[in-house]
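The values are calculated or read from the model by the stated rules, or taken from the named source; none is laboratory data. Keep in mind the model is a prediction, meaning the values are calculated, not measured. Cβ atoms come from the backbone with ideal geometry, glycine included; neighbour counts cover every protein chain shown.
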């Protein structure tokens, strides 16, 4: 489940980088690392990439966790599999961070559980962990600028 960052300034910078350097993979590697770090920090801080604290767990969820002996005190870390599944990919012209866990979208965007789930027909609030904040986007722009300057120096 990748998330797309849609920022015109970054797009313009990437187009300039593509023109100047040709291969953007080295810059994309650094940008993917910035996004992966933000996801990891979201899990550690229990907040969205923008710094909004995640919603508290419902009493139903807490009761369920206690019943199965998995009350970790962390909102999205019962087993740690979701946080551990965050991966990044990059190449010439792209950088992405996401997860292969099917339930990730429910945590990222919120929704209602299936009637056949462990906790059926319950509303789950969004607890976004993928994305970026303005500091991340500034850091990504700095990466792009650094590679543009390097490309022009090498010409």
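Restricting to region 59-114, name every residue that is part of a loop (DSSP other than H, G, I, E, B) and at pLDDT 95 or above.
Within region 59-114, 85, 86, 99, 100, 101, 110 meet the criteria.
Which count do you get for residues in region 107-121 that are more than 20 Å from residue 45 (Cβ to Cβ) and in contact (Cβ under 8 Å) with a residue 12 or more places away in the chain? Write out each step before concluding.
Within region 107-121, the first condition is being more than 20 Å from residue 45 (Cβ to Cβ), and the residues that meet it are 111-121.
From what is left, the residues that are in contact (Cβ under 8 Å) with a residue 12 or more places away in the chain are 111-112, 118-119.
Count: 4.
Please enumerate the residues belonging to region 5-52 that are surrounded by fewer than 18 Cβ atoms within 10 Å (Cβ to Cβ), in contact with a strand residue (DSSP E or B) (Cβ under 8 Å, 6 or more places away or on another chain) and at pLDDT below 95.
25
Being at pLDDT 90 or above, under 20 Å from residue 57 (Cβ atoms) and surrounded by 13 or more Cβ atoms within 10 Å (Cβ to Cβ): is that true of residue 127 here?
yes
Give the residue, chosen from 124, 148, 68, that is closer than 14 Å to residue 27 by Cβ and more than 15 Å from the chain's Cα centre (by Cα).
148
Of the residues that sit in region 53-85 and are in contact (Cβ under 8 Å) with a residue 40 or more places away in the chain and loosely packed, with under 15 Cβ neighbours inside 10 Å, which one is nearest to residue 107 (Cα to Cα)?
Ranking the qualifying residues of region 53-85, first place goes to 55.
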